[in-house]
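Coordinate-derived values only; no laboratory data. Nothing here was measured: the structure is a model prediction, and the numbers come from that model. Here the Cβ positions follow ideal geometry from the backbone for every residue, glycine too, while neighbour counts run over all protein chains shown.
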Amino acid sequence: MTEGTGALFREDAYLQETEARVIGVNERGGILLDRTVFYATSGGQPGDTGYIVRPDGGRIAIATTVTGETKDEIIHVPAPDQSLPEPGEMVRVVIDWPRRLQLMRMHTACHLLTVVCPFPITGAAVGEAESRVDFDIPDPSYTKELVSERLMQLIAADHPVFTRWITDEDLAANPNLVKSKNVRPPSGTGRIRLVGIGENGSVDSQPCGGTHVRSTAEVGAIHIGKIEKKGRENRRFRIRFGPLPQ
Ligand SMILES: [Zn+2]
């Protein structure tokens, strides 16, 4: 099973469903398709849930999506006790769109947080209700009030969010694009996906393979719910939906 999966979400994160052909079912029941709209767990963003409709109308609930031996192999993991499709079957695959949209809003909010807090990132995780980004941040003036206010300014400005591809050489020539302290984007494949915010990336530009909303206004109201001290200079910022509680 070395055949890769066409990852439609990379070019259009707003696709909610697609027709696809089953190319295999692995020994653990994971379903491989020739193309998909399901994002596989990676880069701190959880994999999609949803369902697959078989030609007879039967539905297979998908509990999560993960990558296989390579990042190009996307495995749709069924919930317990589901029927399994046959290789060659044409199916319709549908993501849980409300959940994915929450994740896209949260993921984009994480990018905005790295703009407001321009410090080395030591960890991040995107969730439907709450996300977190950890920074080495020596400056105590970054309070949840200040950071929440600056986040909402970026959201109110309704900056476009876009993706473009660059080469390994482009990235090597612009090392400041990488904000993670320890994680380097995968290189060696020849091309790297950049996510930009603002005209020509004037607000931000960084390598990322995740799914994002198409403009910052779509993030909606968010705030920093909590800032936790994780080390001498390390701080964990928790992003939540809604305005900062008064
Ligand atoms: Zn991203």
- Item | Residues Glu228 and Leu84, FRET efficiency given R0 of 45 Å [Cβ-Cβ distance, rounded to 0.05] | 0.55
- Message: Could you tell me the ratio Rg/Rh of region 140-246? Both radii from Cα atoms, Rh via Kirkwood.
- Response: 1.01
- Message: Given 20 °C and 1.002 mPa s, compute D for the chain with the Stokes-Einstein relation, Rh being the Kirkwood radius over Cα pairs; round to the nearest whole µm²/s.
- Response: 112 µm²/s
- Message: Just to confirm the filter: which trypsin sites (Lys or Arg not before Pro) across region 174-246 are DSSP coil and have at most 12 other Cβ within 10 angstrom of their Cβ?
- Response: Arg232
- In sequence order, calculated HN-Hα J values of region 149-166 (Karplus, 6.51, -1.76, 1.60; Hz; x Gly/Pro): 5, 5, 4, 5, 5, 5, 6, 5, 5, 6, 6, x, 10, 9, 10, 8, 9, 10
- Message: To check you understand DSSP bridge types, tell me what percent of the beta bridges within the chain (both residues inside) are antiparallel, rounded to 5.
- Response: 95 percent
- As a check on your grasp of the helix formula, calculate [θ] at 222 nm for the chain: sum -39500 (n - 2.57) over DSSP H runs of n ≥ 4, divide by the residue count, round to the nearest 500. -5000 deg cm²/dmol
- Message: For Arg35, what residues show an amide H to amide H distance below 5 Å, using hydrogens built from the backbone and excluding near sequence neighbours?
- Response: Gly6, Arg21
- Pairwise centroid distance, computed over Cα atoms, of region 23-65 with region 112-127, Å: 29 Å
- Starting at the first residue of region 110-126, write each ³J(HN,Hα) from the Karplus equation 6.51 cos²θ - 1.76 cosθ + 1.60 with θ = phi - 60°, in whole Hz, x for Gly and Pro. 4, 4, 4, 4, 6, 7, 5, 10, x, 10, x, 8, 10, x, 6, 8, 9
- Note on the structure: For the chain, the count of lysine pairs 8 or more apart or interchain whose alpha-carbon atoms are under 16 Å apart comes to 4
- Query: Simple spin-label model, 7 Å along Cα-to-Cβ: Gln246 to Asn176 in nm?
  - Reply: 4.1 nm
- Message: Using the Karplus curve 6.51 cos²θ - 1.76 cosθ + 1.60 with θ = phi - 60°, what ³J(HN,Hα) values do you get for each residue of region 58-75, in whole Hz, with x for Gly and Pro?
- Response: x, 9, 10, 6, 9, 7, 6, 9, 9, 8, x, 5, 10, 5, 7, 9, 10, 10
- Note on the structure: Cα-Cα pairs in region 1-116 separated by more than 19 Å, as a whole percent of all pairs, come to 42 percent
- 1/(1 + (r/R0)^6) with r = Cβ-Cβ of Asp12 and Glu149, R0 = 22 Å, i.e. FRET efficiency to nearest 0.05, evaluates to 0.10
- Task: Taking amide H positions as placed in the peptide plane 1.01 Å from N, state which residues far from Gln45 in sequence (5 or more) or on other chains have amide H under 5 Å from it.
- Result: Val126
